[in-house]
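Have a look at the structure below before the remarks.
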Amino acid sequence: MVIPSSVQVGKFEYKVVRVDALPKANGKVVAGHTDYEKKTIQYVDEGPEETRNTFWHELTHAILYEMGKPELNHEGFVSKFADFWSTAIDSAKFE
């Protein structure tokens, strides 16, 4: 999968940008970040599978934010949802 350069989330376009590194959060290395005000998703290229999962994770944050859902701040929920979403899309067959 190629990571898109932008994606429509509700009525907003989010720019998707590859960066070399992101600041640590709570002492942990961060692979992605969503800025709701600037409408950007940033990600660090960590290899194909990890990068795809990071993209879906950050897109999940953006979708939940635009829907006004409090789950957007629940990292466990977002991570699990992104894992399912990434696996479903990667395994999709179009015949």
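The values are calculated or read from the model by the stated rules, or taken from the named source; none is laboratory data. This one's a predicted model, so the numbers in the text were calculated from it and none came from an experiment. Counting neighbours? That spans all protein chains shown, and the Cβs are built from the backbone with ideal geometry, glycine included.
Okay, residues lined up against (1) under 16 Å from VAL7 (Cβ atoms); (2) of a type in the set (A, V, I, L, M, F, W, C); (3) modelled with pLDDT of 90 or more:
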{"site": "ASP35", "(1), (2), (3)": "yes, no, yes"}
{"site": "ILE41", "(1), (2), (3)": "yes, yes, yes"}
{"site": "GLU50", "(1), (2), (3)": "no, no, yes"}
{"site": "THR54", "(1), (2), (3)": "yes, no, yes"}
{"site": "PHE77", "(1), (2), (3)": "no, yes, yes"}
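State whether one or more residues within the range 54-68 are surrounded by 11 or more Cβ atoms within 10 Å (Cβ to Cβ), small (Gly, Ala, Ser) and touching a helix residue (DSSP H, G or I) at 6+ places or on another chain (Cβ under 7 Å).
No, because not a single residue in the range 54-68 is surrounded by 11 or more Cβ atoms within 10 Å (Cβ to Cβ), small (Gly, Ala, Ser) and touching a helix residue (DSSP H, G or I) at 6+ places or on another chain (Cβ under 7 Å).
Against the conditions (1) exposed (fewer than 11 other Cβ atoms within 10 Å of the Cβ); (2) not in a helix (DSSP H, G or I), where does GLY76 fall short? Just the number, please.
Result: GLY76 fails condition (2) only.
Tally the residues that are aliphatic (A, V, I, L, M) and either touching a helix residue (DSSP H, G or I) at 6+ places or on another chain (Cβ under 7 Å) or at pLDDT 95 or above (or both), restricting the search to the range 79-95.
The total comes to 1.
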